[in-house]
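The values are calculated or read from the model by the stated rules, or taken from the named source; none is laboratory data. Values in this document were obtained by computation on a predicted structure and should not be read as measured data. Glycine gets a Cβ as well: all are built from the backbone with ideal geometry, and neighbour counts include every protein chain shown.
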Amino acid sequence: MPDLAGYAAIQALNALSFSALLLLNGLGLSVVLSLMNFVNLTHGSFYLLGSYVAIVWLGAGAPWWLAFPAAFVAAGLAGGLLERFPFRQFYARTHLMQVLLTYGLSLIFADLMRWGFGAQILTPELPPALQGVVFILDMPFPVFRLFLIGAGIVLGLALWLLLDRTLWGAVLRAAVTDRGIVETLGIDTRRVFTLVLVLSAGLGGLSGALGAGMLAAYPGLDEEVLLLALVTVVVGGLGSFGGTVAGALVVGFALTLSKVWVPEFANLAAFAALVLLLLIRPSGLVAPPLRRI
Amino acid sequence: MTAILELRGVSRRFGAFTALDDVGFDVGEGEAVGLIGPNGAGKTTLFNVVTGFLRPDAGSIRFAGTPMDGMAPARRVARGLARTFQTAMVFPGLTVRENIAMAVRQHGGNGLRWFGGTRANAAAAEAARRLLEQAGLGHRADTPLRDLSHGERRIVDALMPLALSPRLLLLDEPTAGLTRAESDRLLGILRRNHADTALLLVAHDIDIVFGHCDRVVVMELGRVIRIGTPAEVREDAEVRRAYLGTAAG
Amino acid sequence: MTRIAPAAALLAVAAALVADDFLLRFLAEILLIGVAVMSLDLLIGFGGLVSLGHAALFGGAAYAAAIVARHAGGDLLLMLGTGIATGMALAALMGVVVLRSGHLFLLILTLLTGQMVWEVAFHWREVTGGADGLRGLPGLSFGPWALSGARVLFLLAALLAVAAYGIARSFVAAPVGRALIGTREQPIRMSALGYSLFAVRFRALLLAGALAGAAGALFPFVNLYVGPQSVHWTQSAAMVIMLVIGGIGSLWGAFIGSAVYLGIQTYLSAWTDRWQLCVGLVFVLTVLLLPDGIASGLGMLRGRLRRRTA
């Protein structure tokens with residue numbers, strides 16, 4: 001039955017493109033949480049900033065493929081400034097204080113972005129290369145979403161290589177496991193923290209730039225994306241690249257499929273399914289081994 | 001003497017590292033057994049496994065004849081198996097009496113009580129005071145715990161599980177940082193005032209162990225290398241090697 | 001604090017006599033939300049459990065009361081019963097999900113479960129009115145008497161606040177409350193003494209749900225409206241900041257924090273378009289400058305005065 005197969009393929013690809021976004025967005029949050037034990041609720045703001053930057057860039061007629069690095073840089077810069085003040089002073093403080101600080105900052109940014117970019121829904125002007133549809137099993141599928149999947153795979157792979165195959169990545173993974181020992185090797189973990197936060201913000205902005213073509217950009221999207229990032233991290237488990245990949249896939253598929261099966265209560269159904277998953281595995285799919293005493 | 005704790009073939013690994021390797025020994029009712037060994041011997045890991053904070057990879061643990069497999073720590077406590085930790089886990093903001101009362105209430109089944117709470121609190125406070133008097137700390141009952149000396153703090157830390165009237169108490173380095181006099185005082189309280197409670201006691205000061213324990217278990221690198229009376233263990237060549245190295249002839 | 005009670009009562013009566021309708025409704029709102037924030041203090045201040053889903057308990061009860069009222073009238077006891085039952089039921093569901101994980105996951109999972117309540121409120125148009133919320137509610141009543149005047153509502157809210165405070169104080173002083181504090185300070189030790197951490201925390205959560213639910217039940221009748229914003233996680237975050245402003249662990253600080261935050265929010269939104277930015281600033285400035293809250297500041301002041309006069 002070609003129709004059913006084609007339909008299923010399209011939905012799977014939809015889910016994958018959404019998962020790609022969740023992966024790139026979730027990685028930044030996961031690393032900051034695992035390494036620096038820092039709850040950063042401005043993460044959604046970086047995403048939205050990246051979306052707006054990409055939309056403005058693409059609308060201005062500049063080379064389209066530079067929109068994504070531009071978003072990365074803009075968000076990374078914002079992250080770097082925030083790291084300098086006030087984030088750095090809050091790494092040692094309780095999660096409660098971190099939540100309140102970063103949430104308050106996200107309110108400020110949300111309002112600034114509303115002021116700067118307006119309250120209506122904005123969509124990017126996609127370049128001709130990314131417009132249109134391809135036909136998969138006789139069903140149309142947006143080229144842009146294929147691009148999203150491709151970008152997700154490429155960037156995901158690049159980040160994995162960075163983490164797994166480079167010295168810098170080894171330092172990062174070691175610091176996640178035991179910051180103190182890394183310090184005794186003479187490595188300044190504060191610089192690692194700064195770099196990680198900048199990278200996390202940049203990734204958030206980049207995922208926003210990529211996501212603009214799928215989710216558009218509007219005030220309030222930052223909160224929705226933040227929630228999705230948190231859910232991805234929780235479902236996948238902290239402290240590992242594979243965990244975030246697993247989380248992104250599960251959440252992406254859950255939300256996409258629930259929109260198909262229960263369109264009225266899509267989010268509720270997906271969340272309920274994820275909650276059930278968490279009841280079985282309270283520390284996420286790929287849980288780090290914890291030593292309590 | 002009936003055994004209150006029976007360990008057979010207890011093993012536990014962390015990845016490639018073997019923390020416990022086929023550990024087996026008994027602790028008799030009311031007996032005081034010392035557990036000694038160099039750092040990294042697996043003593044704390046053994047405590048965690050026996051009290052249920054860690055799952056063993058193999059072996060059996062029987063407490064009062066009942067297997068403890070998979071039983072949660074709180075349930076083991078309810079059966080009379082209590083412990084302390086290497087760091088004193090006390091409530092610094094509460095008074096000494098309140099610290100002990102926290103244990104007394106749970107032992108009396110009042111731990112989660114709301115209605116009739118005032119009466120339960122008063123009863124627990126009274127029981128706590130008696131325990132403190134016995135231990136010679138009655139005059140400190142209403143002092144905030146953070147104002148206590150290190151030695152007094154350690155005593156309170158040990159009195160908390162003792163308030164549960166356990167049949168076996170595992171003490172993880174209770175005399176760390178204490179003077180000889182303070183250590184003797186603490187062990188004296190344990191042995192005299194609570195003679196029904198068997199003890200499994202980890203200590204680095206060999207004289208403390210030899211002075212107060214009926215038997216000694218020696219561990220090294222996860223394995224039990226010797227069990228015997230203090231006198232036997234003191235003379236044992238293996239034990240000397242483990243502690244002092246092979247240099248001395 | 002026994003000197004506070006008659007002073008507060010006097011203040012309440014004075015306000016009831018002097019204030020105008022608008023102010024009375026605003027004060028009622030402050031008191032009701034204050035009760036919810038105080039119940040959150042039980043979780044955060046005494047239990048060390050940071051919840052970002054507490055608004056779902058409060059708002060969920062509000063919705064339940066409003067829905068029942070539309071079908072069966074606004075009898076006071078019926079409303080309170082509905083609110084308390086809903087608050088406790090939602091708290092129980094939340095507890096089962098969130099209490100199995102560590103503190104960080106608890107933070108995120110309370111956010112998630114709270115948002116699930118929002119999803120229901122926002123999308124189940126037939127029952128909850130969807131994005132528009134519910135209007136056209138019958139007024140509160142007790143037997144033959146209507147309780148819809150601003151003055152009566154304010155006095156009801158004040159009575160509830162006092163009762164809730166007393167209940168919370170009693171819980172905290174009781175063995176179960178002491179155990180809750182114990183699980184916050186030394187969770188491993190508490191396990192080693194035989195306490196079930198889940199049992200202690202679950203009880204606290206149920207009580208918090210009951211108190212927030214009781215307050216939530218009266219909330220729709222203040223302005224005869226309930227909307228999905230009242231269950232959104234951002235509202236939960238606002239409750240947390242109210243608690244911090246007032247002072248974590250003080251219980252009564254919750255009411256101060258509620259008054260300060262709601263006062264600022266109302267004043268700012270009338271003054272400037274950029275009021276949300278200012279609200280964000282309130283969050284940031286509070287954690288930077290006043291993390292211990294007003295209650296601790298007052299406590300220190302009292303301590304200093306005592307030493308001076310001693």
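Miscellaneous remarks
- Residue match in segment C:102-119 (condition: modelled with pLDDT under 95 and either part of a loop (DSSP other than H, G, I, E, B) or more than 27 Å from C:I188 (Cα to Cα) (or both)): yes
- Meeting the requirement of 2 or more residues that are closer than 28 Å to A:A9 by Cα and of a type in the set (G, A, S), the helices (runs of 4 or more DSSP H) wholly within segment A:114-224 are A:143-165, A:189-215.
- Segment B:57-111, subset part of a loop (DSSP other than H, G, I, E, B) and crowded, with 24+ Cβ neighbours inside 10 Å, residue farthest from the other protein chains (Cβ to nearest Cβ): B:T84
- In the set (1) farther than 16 Å from B:R83 by Cα; (2) in contact with a Gly (Cβ under 8 Å, 6 or more places away or on another chain); (3) part of a loop (DSSP other than H, G, I, E, B), the condition left unmet by B:D142 is number (2).
- Residues located in segment A:250-291, provided they are of a type in the set (A, V, I, L, M, F, W, C), assigned to a loop (DSSP other than H, G, I, E, B), in contact with a helix residue (DSSP H, G or I) (Cβ under 7 Å, 6 or more places away or on another chain) and within 11 Å of another protein chain (Cβ to nearest Cβ): A:V262
- Answer from C:L305, C:L288 - the residue that is more than 24 Å from C:V35 (Cα to Cα), within 14 Å of chain A (Cβ to nearest Cβ) and of a type outside the set (S, T, Y): C:L288
- Filtered residues of segment B:198-235 (kept if among the charged types (D, E, K, R), in contact with a strand residue (DSSP E or B) (Cβ under 7 Å, 6 or more places away or on another chain) and closer than 28 Å to B:R13 by Cβ): B:R215, B:R223, B:R226
Residue-by-condition table, conditions (1) among the polar types (S, T, N, Q); (2) touching a residue at least 12 places away in the same chain (Cβ under 8 Å); (3) in a helix (DSSP H, G or I):
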residue	(1), (2), (3)
B:L169	no, yes, no
B:T175	yes, yes, no
B:R185	no, yes, yes
B:L190	no, yes, yes
B:D196	no, yes, no
B:L201	no, yes, no
B:H204	no, yes, no
B:R234	no, yes, yes
B:E238	no, yes, yes
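- Taking segment C:7-59 as the range and being part of a helix (DSSP H, G or I) and touching a Ser or Thr at 6+ places or on another chain (Cβ under 6 Å) as the test, the residues that pass are C:I30, C:I33, C:G34, C:V37, C:L43, C:H54, C:A55, C:G59.
- Selection within segment C:152-198 - over 28 Å from C:A259 (Cβ atoms), within 10 Å of chain B (Cβ to nearest Cβ) and hydroxyl-bearing (S, T, Y): C:S191, C:Y195, C:S196
- Of the residues C:G213, C:G182, the single one that is assigned to a helix (DSSP H, G or I), surrounded by 22 or more Cβ atoms within 10 Å (Cβ to Cβ) and free of Cβ contacts under 8 Å to residues at least 24 places away in the same chain is C:G182.
- Test: residue in segment A:231-247 that is out of contact with any Cys (no Cβ under 7 Å at 6 or more places or on another chain), at pLDDT 90 or above and in a loop (DSSP other than H, G, I, E, B): yes
- Test: residue in segment A:175-186 that is hydroxyl-bearing (S, T, Y), within 16 Å of A:L29 (Cα to Cα) and out of contact with any Cys (no Cβ under 6 Å at 6 or more places or on another chain): no
Per-residue answers, yes or no, for (1) more than 25 Å from C:R125 (Cβ to Cβ); (2) touching a Pro at 6+ places or on another chain (Cβ under 8 Å):
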{"site": "C:R203", "(1), (2)": "yes, no"}
{"site": "C:L207", "(1), (2)": "yes, no"}
{"site": "C:A210", "(1), (2)": "yes, no"}
{"site": "C:Q229", "(1), (2)": "no, no"}
{"site": "C:Q235", "(1), (2)": "no, no"}
{"site": "C:V244", "(1), (2)": "yes, yes"}
{"site": "C:S250", "(1), (2)": "yes, no"}
